[in-house]
Amino acid sequence: MARQEEVKRAQREADERRLGALQYEEAELQRVCYGNDLDRMLQQVVSASPSFIARFRFEEHQTVKSGKLLSTRCTLCLENFELGQTYSPWPCAGNHFFHFNCMLEALRSRNTCPLCRHPVQAAYLPSQSEVIHRYIMRMLYRVAT
């Protein structure tokens, strides 16, 4: 009995470490890809939060086995779902579903469902004053060099 509890505790700790690593990876990806994208900031385009994306990646995903899904297309890539592919539903009332990789890219680019615009937890978005400050600093740097 004590051995089972120890195994469970070790698994929880390993899961927490993996989730933390995924969250760090997503935060770094967003920093590199979008960190200085002033157009995105000014247009208030925001990705899903790194923690939301990490949890999404960490969770078990559904696999296409049979049924009506086989005659359905992913509305993002427009490819049919095929046996063995993984997919996930967006956490919205419409329960829209997409290929796992399509949904991952959608989460990384915006925090809203591509079909109904239902939001999920958003990444940090700088205020307009921060964006303007960054823009001015960038322009001053260009003039100085």
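The values are calculated or read from the model by the stated rules, or taken from the named source; none is laboratory data. Since we're looking at a predicted model, the values are computed, not measured. Neighbour counts are summed over all protein chains in view; Cβ atoms, including those assigned to glycine, are modelled from backbone coordinates with ideal geometry.
When residues in the range 79-99 are screened for being surrounded by 11 or more Cβ atoms within 10 Å (Cβ to Cβ) and over 30 Å from Arg12 (Cα atoms), 5 of them pass. For Tyr24, the conditions (1) in contact with a Leu (Cβ under 9 Å, 6 or more places away or on another chain); (2) within 30 Å of Arg134 (Cβ to Cβ); (3) of a type outside the set (Gly, Ala, Ser) all hold with the exception of (1). Across the range 116-134, the qualifying residues are those that are modelled with pLDDT of 90 or more and touching a strand residue (DSSP E or B) at 6+ places or on another chain (Cβ under 9 Å), and the one among them that is nearest to His61 (Cα to Cα) is Val120.
All conditions in (1) of a type in the set (Ser, Thr, Tyr); (2) more than 19 Å from Val120 (Cβ to Cβ); (3) within 12 Å of the chain's Cα centre (by Cα) hold for Thr72, with the sole exception of (3).
Looking across Ser51, Ser47, one residue alone is closer than 18 Å to Ala123 by Cα and touching a Lys or Arg at 6+ places or on another chain (Cβ under 6 Å). It is Ser47.
Listed conditions (1) hydroxyl-bearing (Ser, Thr, Tyr); (2) in contact with a helix residue (DSSP H, G or I) (Cβ under 7 Å, 6 or more places away or on another chain); (3) at pLDDT below 90 are all met by Tyr87, apart from (3).
Filtered by the rule that a residue be modelled with pLDDT under 85 and touching an Asp or Glu at 6+ places or on another chain (Cβ under 7 Å), the range 29-69 gives no residues. Inspect all residues belonging to the range 57-78 and state whether any of them is touching a helix residue (DSSP H, G or I) at 6+ places or on another chain (Cβ under 8 Å), surrounded by 14 or more Cβ atoms within 10 Å (Cβ to Cβ) and within 30 Å of Ser129 (Cβ to Cβ). No, there is no match, as no residue in the range 57-78 is touching a helix residue (DSSP H, G or I) at 6+ places or on another chain (Cβ under 8 Å), surrounded by 14 or more Cβ atoms within 10 Å (Cβ to Cβ) and within 30 Å of Ser129 (Cβ to Cβ).
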